[in-house]
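Contents: one structure, followed by commentary.
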Amino acid sequence: MRLLDLTLATPAENIALDEALLEAAEGGQIAGEILRLWEPAAPLVVLGRSSRAAEEVDLAACAAAGVPVLRRASGGAAIVAGPGCLLYAVVLPYAGRQHLRMLDELHRHVLGVVARAVASLGLPAEHVGTSDLALDGRKFSGNSVRCKHDHLLYHGTLLYGMDLELLDRLLRMPPRQPSYRGGRPHAQFVTNLPVTGAALRAALCAAFEAHEPPTDWPRRETDHLARIRYSQPAWTLER
């Protein structure tokens, strides 16, 4: 698997790059599998594709704090990312693994790899809910997926040094909650892994066997998507 450890200059470009990698793989511009890692320099909120912004996010609090709100192309609920939150994305072809077209199998497959990475650091990660990873009953990773005809994008968050108070300040309680949450507010429901970002990066690369750099990445498509979609209020606040 190829490794793209790349954080771009703007939130819109960073959100766009995950989709651009999927589209490039689907269009034959990128061959094989790829793992992308990135970490924001400042906090941001990212809505799921079908999220209703006003229901999941305190938009006034975000505006007052200068925290941008964006919308990704995959499902799931709104998240807060920032320094101390490592984001990863895996682009995989379906060829040779048709069972991954079943979402339960897909979650088990990818989260199994991520859980092994965390376990290699001495932490017993558990796959809970639909697509969460937890440590001692507290969530440290949320994940979502976008599927095309021949390829899929699976991406998510890994908290290791995040300011958890931001979640209660910027997010509302989600309209849909996994049963293991038990109605807990964000700061009591989530946790940081007690590891460094460097150790987490190395563990993920080892678990995914991602070491070779890509020959290129889709710069033009990333810029195009960032301009026409991910930086546009009409896209972000459409629901």
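Values quoted throughout were computed directly from the atomic coordinates according to the rules given, and no laboratory measurement underlies them. Please read all numbers here as calculations on a predicted model, not as lab measurements. Cβ atoms come from the backbone with ideal geometry, glycine included; neighbour counts cover every protein chain shown.
Using Cα pairs closer than 8 Å and at least 6 residues apart in sequence, work out the relative contact order for region 90-159, in percent.
Details: 91 pairs, mean separation 20.7, N = 70.
Result for region 90-159 is 30 percent.
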Could you please state, rounded to a whole Å, how far the C-alpha centre of region 170-239 is from the C-alpha centre of region 89-145?
-> 13 Å
Using Cα pairs under 8 angstrom and six or more residues apart, how large is the relative contact order of region 42-112, in percent?
-> 36 percent
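Which whole-number percent gives the relative contact order of the chain, counting Cα pairs below 8 Å spaced six or more residues apart?
On the way: 455 pairs, mean separation 68.3, N = 239.
Dividing the mean separation by the residue count of the chain yields 29 percent.
Assuming R0 = 30 Å, what is the FRET efficiency of residue 104 and residue 228, from their Cβ-Cβ distance, to the nearest 0.05?
On the way: r = 34 Å, r/R0 = 1.13.
The computed FRET efficiency comes out at 0.30.
Explain nothing, just the number: dipole magnitude of the chain about its Cα centre with +1 on each Lys and Arg Cβ and -1 on each Asp and Glu Cβ, in debye rounded to the nearest 20. Intermediate results must be reported in sequence, preceding the final value.
Working: 25 positive and 26 negative charges, 94 e Å.
Rounded to the nearest 20 debye, it is 460 debye.
If you add up the charges near residue 107, with Lys and Arg at +1 and Asp and Glu at -1, over every other residue whose beta carbon is less than 15 angstrom from its beta carbon, what do you get?
On the way: positive: 97, 101, 108, 116, 139, 146; negative: 104, 105, 126, 132.
Its environment carries a net charge of +2.
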Please state, to two decimals, what the Cα-based radius of gyration of the chain comes to when divided by 2.2 N^0.38 Å (N = residues).
-> 0.95
